[in-house]
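All remarks here apply to the structure that follows.
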């Protein structure tokens with residue numbers, strides 16, 4: 001896995017969901033990795049994930065080319081919690 005890519009994506013878009021980051025890696029790098037591996041990579045590099053506000057669940061789409069389908073799934077999870 002490209003650790004530098006993952007770390008830079010989160011630093012550039014700190015409110016990105018793991019699902020969106022996973023989708024972005026498929027688009028940009030052509031690789032699919034588990035959310036668990038992404039999470040562990042972030043944790044090892046001193047980064048944590050936070051939830052996007054339910055008032056604007058598609059905020060991460062403004063700064064990345066994440067597929068709307070992935071963001072919709074992640075946004076639905078945020079609203080349900």
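Readers should treat all values here as calculations from the given coordinates under stated rules, not as data from a laboratory. Here the structure is a predicted model, which is why all the values come from computation and not from measurement. All Cβ positions, glycine included, derive from the backbone under ideal geometry; neighbour counts span all protein chains shown.
Numbers at a glance
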item	result
Ranking of 38, 26, 16 by count of other Cβ atoms within 10 Å, fewest first	26, 38, 16
Residues 34, 23, sorted so that the one with the fewest Cβ neighbours within 10 Å comes first	34, 23
Counting all C-alpha pairs of region 10-52, share separated by more than 15 Å (%)	40 percent
